[in-house]
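*Asks:* Got a structure for you, written out below as structure tokens; questions coming shortly.
Every number in this text was worked out from the coordinates using simple rules, so none of it is lab data. Since the structure is predicted, the reported quantities are computational estimates derived from the model, not experimental observations.
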Amino acid sequence: MSSPILADESVRSIASPRVAAGVAMVGATLFLLVAGSLQLVRGDLDWQRATLSQYLLGPWGLMLRTTYCVLAATIVALAFGLHAQLSTKARSAAPVLLFCLGAAALAGVAIGDSWLPQVAPDFHHWFHHTCAITAFLCVTTGMVLQAWRFRLDAAWRRHFPLAATWSVVCYVLLWVHALWPPAGRGWVQKLLILLIVVAMLLAGSWLWRAARDAAGPRQR
């Protein structure tokens with residue numbers, strides 16, 4: 001008979017990735033719904049030219065800023081959930097650190113846009129762009145590194161080809177958007193964000209199934 005303490009630790013080890021997976025799927029879906037809806041209701045902005053950051057100000061801006069913060073928390077939850085579910089050999093602190101830095105920068109974009117434009121416009125311009133660049137760079141780099149670690153876990157190795165391809169596409173698209181003027185339009189940035197958030201949704205579903213499968217043998 002197993003002791004109550006060991007049983008409790010077993011439940012926590014199973015529940016944590018499940019909770020992280022649930023948070024990832026709900027958070028990513030919420031972001032897609034809110035950001036997508038604003039493309040329809042914000043008639044004052046040209047969806048092809050306006051970056052998503054421009055929707056942070058004006059009508060419904062508070063809702064999007066709040067959703068940015070929810071997405072930031074979602075990134076952190078997913079990062080720790082993946083780290084907990086992967087085998088010891090496949091774990092690495094680097095993706096977790098990058099995801100957390102990217103999440104903090106993403107929250108900085110939303111929080112800064114709440115009051116800096118009125119208080120310090122010049123500083124706001126610098127702060128917004130610094131946080132946005134940091135968020136994109138850290139998250140996409142973290143995606144590449146995390147995908148690379150999947151190959152070291154037998155249960156996750158089957159996800160490596162798609163995860164690696166998807167993350168590299170996001171990383172390349174980031175630099176194309178940043179360095180090639182014709183790709184600097186708002187729709188390219190939105191496409192990049194869409195790919196990143198859908199990747200989070202996909203990773204969350206993988207994590208949910210992995211946690212469910214891991215729970216099966218322990219409960220028998």
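*Asks:* Multiplying the sequence separation of residue 41 and residue 26 by 0.36 nm and subtracting their Cα-Cα distance, what value in nm do you get?
*Replies:* Numbers: separation 15, 0.36 × 15 = 5.40 nm, distance 2.24 nm.
Taking 0.36 nm per residue and subtracting the Cα distance, the gain is 3.2 nm.
*Asks:* Relative contact order (percent) for the chain, with alpha-carbon contacts under 8 angstrom and 6 or more residues of separation?
*Replies:* Values: 253 pairs, mean separation 66.1, N = 220.
So the answer I get is 30 percent.
*Asks:* Taking amide H positions as placed in the peptide plane 1.01 Å from N, state which residues far from residue 155 in sequence (5 or more) or on other chains have amide H under 5 Å from it.
*Replies:* Answer set, sorted by chain and number: none.
*Asks:* Quick one: Debye curve from the C-alpha atoms of region 9-215, no solvent, what's log10 I(q)/I(0) at q = 0.10 Å⁻¹?
*Replies:* Once normalised to I(0) and log-transformed, intensities are -0.43.
*Asks:* Right, here's the next one. Would you pull out the residues with amide H under 5 Å of residue 50's amide H, same chain only if 5 or more places away, H placed 1.01 Å from N?
*Replies:* 186
*Asks:* Going by alpha carbons, how many degrees (0 to 90, nearest 10) lie between the helix axis of 61-85 and the longest principal axis of the chain?
*Replies:* 30 degrees
*Asks:* OK, next. Kindly express, to the nearest 10 degrees and within the range 0 to 90, the angle between helix 4-41's C-alpha long axis and the longest C-alpha principal axis of the chain.
*Replies:* 20 degrees
*Asks:* Taking the chain as a Gaussian network, Cα atoms linked when under 10 Å apart, which of 113, 153, 46 shows the biggest mean-square fluctuation?
*Replies:* Looking only at 113, 153, 46, the biggest GNM fluctuation is shown by 46.
*Asks:* While we're looking at this one, here's another question. Calculate how steeply helix 93-119 sits against the longest principal axis of the alpha-carbon atoms of the chain, using the helix alpha-carbon long axis, and give the answer as 0 to 90 degrees to the nearest 10.
*Replies:* The helix 93-119 is inclined about 30 degrees to the chain.
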